[in-house]
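Visitor: The following block contains the structure, expressed as structure tokens.
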Amino acid sequence: MPPTSRSLFLAVLTLASRPALAASDVFSRSTMTGDWGGLRHQLEDNGIKFTGDYSGETAYNAHGGLHRSARYSQNLKLGARFDLSNIFALDNGGNVQLTINDRRGNSASEDLVGNRLPIQENFGGLYTRLTELSYERTLLTPALNVKLGYMAMGNDLGGLDSGILCNFMNAGFCGHPLNMSGGSGWTNYPNARLGVRVKYDLSSSWQLRVAAFNVDPESNGNSSRAWHLGPKYTTGTVVPLELVYKVQGERSGEYKLGYYYDSSDVKRIGSDKDVSGRSGHYLLADQAVWNDESSPGRSLYVFGQYSASSKAASPFTQWYGAGVVLYKPFQSRPRDTVALGYGRAVPNPRSRDILEDAAFDKGERFPAIDNAERLIELSYGYQVTPWLSLRPDVQYIIEPGAFSGRDIANALVFGLQIKSVL
């Protein structure tokens, strides 16, 4: 474990080690560090809730790709939520969220396979940063919820609230469709921006979400901006609009229809001319299709994703994803999951034309590659304790060089994800 991450990890352990590690409920409690001798529970009763989690992802390329080897990446997140109503005895005082994030490691996609969809969802932005400093409360009516401050767009928009997609290790599934961030000012977690998000409950099943976030490309992945809330150079504003429908009952489900517009001016792919504004749309869904009446909690869900982004300015124009997740696969394993997914990422034909022209100018042959990178992933989520899970994972990546214009053999990758709630 790298020094910075080790220090953060040990800081959490040190805070709770004596009372927590001596406790007899180490395998049954909800967090690894426990209740800190009662302090954690007392603080939460007083309006301050501390959270933390760690994830480590190891991927080994067994066949195809660029090299036979393994890579490891990790993410450590620490946070505190302040309930102002409780702390200051206010009526509807709202909540302040503070989150710090640290990432370390190496990329299996970049080093071993050469594909576009990150094999490890927690790789990227390898430094310590402020991930969120926001204020949230209801306004005027309980149906209206507003959050503003410094935060990641994907925390509230563009993904499925159920978390079903993070039964996978590849970032193509876990989170929101990646072409949204590849073709606009939409930012991936843990990148954060100044913005405001509004949720309005139209009914018990329908909700409308709208937001506006600053677009600042020069701060994306820039470690020197890790603790700066303000933008370095604003190019525009990205405005997502999302309609959410949730199915109630035993066979629950979730459906999202979204649209976003980025007012930034950017270069048109393959041209010196600017594109005035970029937009995209997406459709996300998950639905329970089977419940075992004799075994509560055992159910089968299906999910689907579709996203399209700007053909003029996005190197990644379309994403299709679908799959199934089985909860409680065995009677004796009530918190385990089995997940199988298929995804297809489509490069922009204009980007491919540029690659072909560059090869022609060099007198090189352009490889006969397909027009999309495809992903098949199978994982098993093994819940060791309430706070610790292991996820053995297999990914088969078809046409890894579809985005780079390289002739790369299909890759077979074995992975292991470890997650711990601190």
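Visitor: Which residue is surrounded by the most Cβ atoms within 10 Å (Cβ to Cβ), if the candidates are limited to region 174-204 and must be among the polar types (S, T, N, Q) and over 17 Å from Tyr260 (Cα atoms)?
Guide: The selected residue is Asn191.
Visitor: Could I ask something else about it? For region 361-403, give me the residue count where each residue is hydrophobic (A, V, I, L, M, F, W, C) and modelled with pLDDT under 95.
Guide: First pass over region 361-403, keeping only residues hydrophobic (A, V, I, L, M, F, W, C): 366, 368-369, 372, 375-376, 378, 384, 387-388, 390, 394, 397-398, 402-403.
Keeping just the survivors that are modelled with pLDDT under 95 gives 366, 368-369, 372, 402-403.
Adding up the residues that qualify gives 6.
Here's the yes/no breakdown for (1) loosely packed, with under 15 Cβ neighbours inside 10 Å; (2) more than 27 Å from Leu126 (Cα to Cα):
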site	(1), (2)
Trp206	yes, yes
Asn214	no, no
Ser219	no, no
Asn222	no, no
Thr237	no, no
Glu250	yes, yes
Gly258	no, yes
Ile269	no, yes
Asp272	yes, yes
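Visitor: I've got another one for you. For region 395-421, enumerate the residues that are over 26 Å from Pro349 (Cβ atoms) and more than 19 Å from the chain's Cα centre (by Cα).
Guide: Leu412, Val413, Phe414 - these are the residues of region 395-421 that are over 26 Å from Pro349 (Cβ atoms) and more than 19 Å from the chain's Cα centre (by Cα).
Visitor: Is there a residue being modelled with pLDDT under 95, part of a loop (DSSP other than H, G, I, E, B) and in contact with a helix residue (DSSP H, G or I) (Cβ under 8 Å, 6 or more places away or on another chain) anywhere in region 2-24?
Guide: So far as region 2-24 goes, no, none of its residues is modelled with pLDDT under 95, part of a loop (DSSP other than H, G, I, E, B) and in contact with a helix residue (DSSP H, G or I) (Cβ under 8 Å, 6 or more places away or on another chain).
Visitor: Of the residues Gly124, Gly183, Gly159, which single one is in contact with a helix residue (DSSP H, G or I) (Cβ under 8 Å, 6 or more places away or on another chain), of a type in the set (Gly, Ala, Ser) and within 30 Å of Ile398 (Cβ to Cβ)?
Guide: On the way: Gly124 fails: in contact with a helix residue (DSSP H, G or I) (Cβ under 8 Å, 6 or more places away or on another chain); Gly183 fails: in contact with a helix residue (DSSP H, G or I) (Cβ under 8 Å, 6 or more places away or on another chain).
Going through Gly124, Gly183, Gly159 in turn, the sole match is Gly159.
Visitor: Taking the conditions exactly as written (hydrophobic (A, V, I, L, M, F, W, C), touching a Phe, Trp or Tyr at 6+ places or on another chain (Cβ under 9 Å) and surrounded by 18 or more Cβ atoms within 10 Å (Cβ to Cβ)), does Ala322 satisfy them or not? I'd like the intermediate steps shown before the answer.
Guide: On the way: hydrophobic (A, V, I, L, M, F, W, C): yes; touching a Phe, Trp or Tyr at 6+ places or on another chain (Cβ under 9 Å): yes; surrounded by 18 or more Cβ atoms within 10 Å (Cβ to Cβ): no.
Taking the combined requirement at face value, the residue does not satisfy it.
Visitor: Of all residues in region 219-265 being among the small types (Gly, Ala, Ser) and part of a strand (DSSP E or B), which is nearest to Asn101 (Cα to Cα)? If you could, list the steps in order and put the result at the bottom.
Guide: First pass over region 219-265, keeping only residues among the small types (Gly, Ala, Ser): 219, 221, 223-224, 226, 230, 236, 249, 252-253, 258, 263-264.
This time we only want the ones that are part of a strand (DSSP E or B), so: 236, 253, 258, 263-264.
On the way: Gly236: 26, Gly253: 31, Gly258: 28, Ser263: 29, Ser264: 28 Å.
Filtering first and then ranking leaves Gly236.
Visitor: Okay, next question. With respect to the numbered conditions (1) within 26 Å of His281 (Cβ to Cβ); (2) surrounded by fewer than 18 Cβ atoms within 10 Å (Cβ to Cβ); (3) charged (D, E, K, R), which one is the sole condition not fulfilled by Glu377?
Guide: Among (1) within 26 Å of His281 (Cβ to Cβ); (2) surrounded by fewer than 18 Cβ atoms within 10 Å (Cβ to Cβ); (3) charged (D, E, K, R), the lone unmet condition for Glu377 is (2).
Visitor: Only one of these is assigned by TED's automatic domain parsing to the domain that holds Gln74, without any contact (Cβ under 8 Å) to a residue 40 or more places away in the chain and touching a Lys or Arg at 6+ places or on another chain (Cβ under 9 Å): Asn122, Asn191, Asn155, Asn145. Name it. Break it down into steps so the answer makes sense when it comes.
Guide: Working: Asn122 fails: without any contact (Cβ under 8 Å) to a residue 40 or more places away in the chain; Asn191 fails: without any contact (Cβ under 8 Å) to a residue 40 or more places away in the chain; Asn145 fails: without any contact (Cβ under 8 Å) to a residue 40 or more places away in the chain.
Just one listed residue meets the conditions, Asn155.
Visitor: Moving on. When both residues are 6+ apart or on different chains and their Cβ atoms are under 6 Å apart, which pairs have a first residue that lies in region 23-43 and is touching a residue at least 12 places away in the same chain (Cβ under 8 Å) and assigned by TED's automatic domain parsing to the domain that holds Gln383, and a second that is of a type in the set (A, V, I, L, M) and exposed (fewer than 12 other Cβ atoms within 10 Å of the Cβ)?
Guide: none
Visitor: Just the residues that are modelled with pLDDT of 95 or more and either not assigned by TED's automatic domain parsing to the domain that holds Gly270 or not aromatic (Phe, Trp, Tyr) (or both), please, taken from region 293-307.
Guide: Listed by number, the residues that qualify are Arg298, Ser299, Leu300, Val302, Gly304, Gln305, Ser307.
Visitor: What are the residue pairs meeting all of these: first residue in region 223-252, first residue modelled with pLDDT under 90, second residue of a type in the set (Asp, Glu), Cβ atoms under 7 Å, and 6 or more apart or on different chains?
Guide: What qualifies is Pro231/Asp216; Lys232/Asp216; Lys232/Glu218; Tyr233/Asp216; Tyr233/Glu218.
Visitor: Something else: Every residue in region 181-210 that is under 18 Å from the mean Cα position of the chain (by Cα), in a strand (DSSP E or B) and closer than 16 Å to Ser279 by Cα, please.
Guide: None - no residue of region 181-210 is under 18 Å from the mean Cα position of the chain (by Cα), in a strand (DSSP E or B) and closer than 16 Å to Ser279 by Cα, so the list stays empty.
Visitor: List the pairs whose first member sits in region 258-273 and is assigned by TED's automatic domain parsing to the domain that holds His176 and in contact (Cβ under 8 Å) with a residue 60 or more places away in the chain, whose second member is aromatic (Phe, Trp, Tyr) and part of a loop (DSSP other than H, G, I, E, B), and whose Cβ atoms are under 9 Å apart, counting only residues at least 6 apart or on separate chains?
Guide: Hits for this filter: Tyr260/Trp186; Asp262/Trp186.
Visitor: Can you go through Gly93, Gly149, Gly172 and tell me which one is within 24 Å of Val238 (Cβ to Cβ) and modelled with pLDDT under 95? Working first, answer last.
Guide: Numbers: Gly93 fails: within 24 Å of Val238 (Cβ to Cβ); Gly149 fails: modelled with pLDDT under 95.
Just one listed residue meets the conditions, Gly172.
Visitor: Pick from region 270-285 the residues that are under 24 Å from Gly175 (Cβ atoms) and not small (Gly, Ala, Ser): which of them is modelled with the lowest pLDDT?
Guide: Just the residues of region 270-285 that are under 24 Å from Gly175 (Cβ atoms), to begin with: 278-285.
From what's left, not small (Gly, Ala, Ser): 278, 281-284.
Details: Arg278: 91, His281: 96, Tyr282: 96, Leu283: 97, Leu284: 97.
Across region 270-285, the extreme among qualifying residues is Arg278.
Visitor: Pairs under 6 Å by beta carbon, first residue at negative phi in region 352-376, partner of a type in the set (D, E, K, R), six or more apart or different chains?
Guide: Qualifying pairs under 6 Å: Phe366/Glu356; Pro367/Asp407; Ile369/Glu399; Asp370/Glu399; Ala372/Arg344; Glu373/Arg116; Glu373/Glu399; Arg374/Arg344.
Visitor: Follow-up. Just checking, does region 395-412 include any residue being within 30 Å of Thr51 (Cα to Cα) and of a type in the set (Val, Ile, Thr)? Show your work before the answer.
Guide: So the first thing to find is which residues in region 395-412 are within 30 Å of Thr51 (Cα to Cα), and the list is none.
Taking every residue of region 395-412 in turn, none turns out to be within 30 Å of Thr51 (Cα to Cα) and of a type in the set (Val, Ile, Thr).
The values are calculated or read from the model by the stated rules, or taken from the named source; none is laboratory data. Since this is a predicted model, take the numbers as computed values, not measurements. Positions of Cβ are backbone-derived with ideal geometry, glycine not excepted, and every protein chain shown enters the neighbour counts.
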